[in-house]
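Trainee: Pasting a structure here, questions to come.
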Amino acid sequence: MNTIVEVIDENNIDGKALETIKKAGEIIKNGGIVAFPTETVYGLGGDGLNPESSKKIYAAKGRPSDNPLIIHVADMDAVEKIVRDIPEAAYKLAEEYWPGPLTMIMNKSEVVPYETTGGLDTVAIRMPSNKIAAELIRQSGGYIAAPSANLSGRPSPTQAKYCIEDLDGRVDMIIDGGPVGIGLESTIIDLTSGTPMILRPGYITRENLADLLGNVDVDKTILDASSKVAPKAPGMKYRHYAPKGDLTIVEGEPGDVSKYINAEISKAKDLGKKTGVIATKETEKMYKADSVKIAGSRDDEEEIARNLFTLLREFDDEDVNVMFSESFNDTGIGQAIMNRLLKAAGHKVIRL
Ligand code: TXA
Ligand code: MG
C-alpha cells in the first residue's frame, strides 16, 4: 500500500490544511486508516463504528484483537450515541478535562461494534484537544477508533517520523502535525463499576481525579509486577514500549545509583555491548555510557514524560543493547512515567 504523508501546522489550519484533513476524513469514512497527531501521542484512526476499519487497525499494528480501541469524539452528542446511560461522574470529568488527555470507560450502546471494543460491552472514549485531531474527527463522521500509531509492543510515537518508521506501507495516510505536547498516552478511568478506577495512569493524575470525584481506586497491577490479577485494561498486560535492547531501572541514592550503573556498564562494554543511560539534567555528568540521555530535570516531570518514549526510540536507532535508567517518584505524573518505564524494562528493577 502507498502511504501518503502530509504536513500540517496545528496552529495554522488554513485552507490547504483543511483540504488535507477533509481528504483524510474521506479516507476514514471509506473504511481506510490514517495516523494523526493528538496532544498525548500519535493515533492510528479508522471509523469506530465500522467493524472492518477496526480489523484493519489491528492488522496494521500487528495488535491482538482482544485489546480494545479508544473511540475519539469531538462533542458530547457523540458520546450520547455510543454510551448506554452516561454516569454523572462522566459529565463532571468531561466538564473539567475534555477536550484533553483523559479516556473514560462506559457501557457501550449497540451501535458500537464488538470489533472495536475487543468483544467487551464497555467502550473507551476520549475527546482530544489537538486541533488537527478534533477537525479530523468532525470530517470523518464523528467517531475515530484509534490506538497509538506504533507497531504493537513498540513505544508510542511522539513524532510523525516514528509513525512512518513503524507504519509506512501499512496505512493509507500519515498526518505530520509536529511533535506532541504530552508524550504519554491518556489517563484511563473506568466508570462502569462502583468506585471509579484508574486503569492506566497519565498526565491527569490520581490526585486530580480524586479532587473532583472523591474516592478513586487505582488498578493494583499498574506498578506491581508481582500481581497475579489481570489488569482491567486488556492492553496493560502486554509487554509494551519495549526498546530492542535490555533495560534495567536502578533505584537508590544518586551517588550509589551512578556507581552501580557505571560498574555494570564497564562489564557490558567488556562484552562488546553498546551501553546507554537514562539520566536527568542533575546527574548526566556522572555516567560513562556510550549514550547518556537526559530525560529532563527532576523538578520538571512534564519534561520527563514528554521525552521518555523518544529516548527509548533513540536508543533503538543507535543500536544500544544494554540500558539503565534512574528511577522517578511515583506520585503525580511520576506514576505514569514509572508505569511506562517499568513496562519498558519488563519490571527489571535493582533496589540499592
Ligand atoms: O492517549 C491515548 O489514549 C492514545 C491516543 C491516540 O488517543 N491512544 C492509546 O490507545 O493509547 P491504545 O489503544 O494504545 O491504548 C488503549 C488502552 C489499552 O490498554 C486498552 O486495553 C484499553 O485502553 N481499553 C480500551 N477500551 C477498553 C475497555 N472497554 N475496557 C478496558 N480497557 C480498555
Ligand atoms: Mg498503545
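Each reported figure results from applying straightforward, stated rules to the coordinates on display, with no laboratory input. Here the structure is a predicted model, which means the values were calculated and not measured. As a convention, Cβ positions derive from the backbone with ideal geometry for all residues, glycine included, and neighbour counts pool all protein chains shown.
Trainee: At R0 = 56 Å, how high is the FRET efficiency between Leu18 and Asp270 if r is their beta carbon distance? Nearest 0.05 is fine.
Mentor: On the way: r = 58 Å, r/R0 = 1.03.
E(calc), rounded to 0.05, equals 0.45.
Trainee: Could I ask something else about it? For the chain, set up a GNM with springs between Cα atoms under 10 Å and report which of Asn215, Asn262, Asn50 has the largest fluctuation.
Mentor: Largest GNM mean-square fluctuation: Asn215.
Trainee: Here is a follow-up. Residue separation times 0.36 nm, minus the C-alpha to C-alpha distance between Glu302 and Tyr91: what's the value? Show your work: numbers first, answer last.
Mentor: Numbers: separation 211, 0.36 × 211 = 75.96 nm, distance 2.66 nm.
Length difference between fully extended and current span is 73.3 nm.
Trainee: To the nearest 10 degrees, how steeply does helix 254-270 sit against the main Cα axis of the chain, on a 0 to 90 scale?
Mentor: Between helix and principal axis, roughly 80 degrees.
Trainee: I'd like the FRET efficiency for Lys81 and Thr195, computed as 1/(1 + (r/R0)^6) with the beta carbon distance as r and R0 of 30 Å, rounded to 0.05.
Mentor: Efficiency computed from Cβ-Cβ geometry: 0.65.
Trainee: Would you work out the charge dipole size for region 4-218 about its Cα centre, treating the Cβ of every Lys and Arg as +1 and the Cβ of every Asp and Glu as -1, and quote it to the nearest 20 debye?
Mentor: Magnitude of the dipole: close to 460 debye.
Trainee: Excluding Asp14 itself, calculate the net charge of residues whose Cβ lies under 15 Å from the Cβ of Asp14, where each Lys or Arg counts +1 and each Asp or Glu counts -1.
Mentor: Numbers: positive: Lys16, Lys22, Lys23, Lys131; negative: Glu6, Asp9, Glu10, Glu19, Glu135.
Taking every Cβ under 15 Å from that of Asp14, the sum is -1.
Trainee: Sticking with this structure for a sec: Filter the GluC sites (Glu not before Pro) in region 87-127 to those in DSSP coil with at most 11 other Cβ atoms within 10 Å of their Cβ, and list the result. Don't skip to the answer; put the middle values down first.
Mentor: Numbers: sites: Glu88, Glu95, Glu96, Glu110, Glu115; in loops: Glu110.
Those satisfying the criteria are Glu110.
Trainee: Going down the table (Lys22/Lys92; Lys23/Lys161; Lys56/Lys161; Lys55/Lys348), which pairs top 26 Å between alpha carbons?
Mentor: Violating the 26 Å limit, Cα to Cα: Lys22/Lys92; Lys55/Lys348.
Trainee: ³J(HN,Hα) across region 274-283 via Karplus (A = 6.51, B = -1.76, C = 1.60, θ = phi - 60°), whole Hz, x for Gly/Pro?
Mentor: So the J values, rounded to whole Hz, are 8, 10, x, 9, 9, 10, 10, 3, 6, 10.
Trainee: Can you give the FRET efficiency to the nearest 0.05 for Asn329 and Val349, using r as the Cβ-Cβ distance and R₀ = 22 Å?
Mentor: After rounding to 0.05, the efficiency reads 0.95.
Trainee: Over what distance in Å are the Cα centres of region 42-69 and region 9-26 separated?
Mentor: 23
Trainee: Taking only Cα atoms and a 10 Å spring cutoff, compute GNM fluctuations for the chain and point out the largest among Asn150, Asn339, Asn321.
Mentor: Asn321
Trainee: What ³J(HN,Hα) values, in whole Hz, does the Karplus curve 6.51 cos²θ - 1.76 cosθ + 1.60 give for region 294-309 when θ = phi - 60°, with x put for Gly and Pro?
Mentor: Rounded to whole hertz, the list is 9, 6, x, 8, 4, 7, 10, 5, 4, 5, 5, 4, 5, 8, 4, 5.
Trainee: May I ask you to evaluate 6.51 cos²θ - 1.76 cosθ + 1.60, the Karplus curve with θ = phi - 60°, for each residue of region 126-138 and list the ³J(HN,Hα) values in order in whole Hz, giving x for glycine and proline?
Mentor: Here the 3J(HN,Hα) series is 9, 10, x, 8, 4, 5, 5, 4, 4, 5, 4, 4, 4 Hz.
Trainee: Could you work out how much longer the chain between Lys288 and Asn30 gets when fully extended? Use 0.36 nm per residue separation minus the Cα distance between them, nm to one decimal. Could the numbers behind the result be given before it?
Mentor: Values: separation 258, 0.36 × 258 = 92.88 nm, distance 5.29 nm.
Once the chain is fully extended between Lys288 and Asn30, it gains 87.6 nm.
Trainee: Right, something else. Under 5 Å between amide H atoms, partner at least 5 residues away or on a different chain: which partners does Met323 have, H built in plane at 1.01 Å?
Mentor: Those lying under 5 Å, H to H, from Met323 are Asp246, Leu247, Thr248, Gly276.
Trainee: Let me ask something additional. To check you understand DSSP bridge types, tell me what percent of the beta bridges within the chain (both residues inside) are antiparallel, rounded to 5. The partial results should precede the final answer.
Mentor: Working: 17 of 48 bridges.
The answer is about 35 percent antiparallel.
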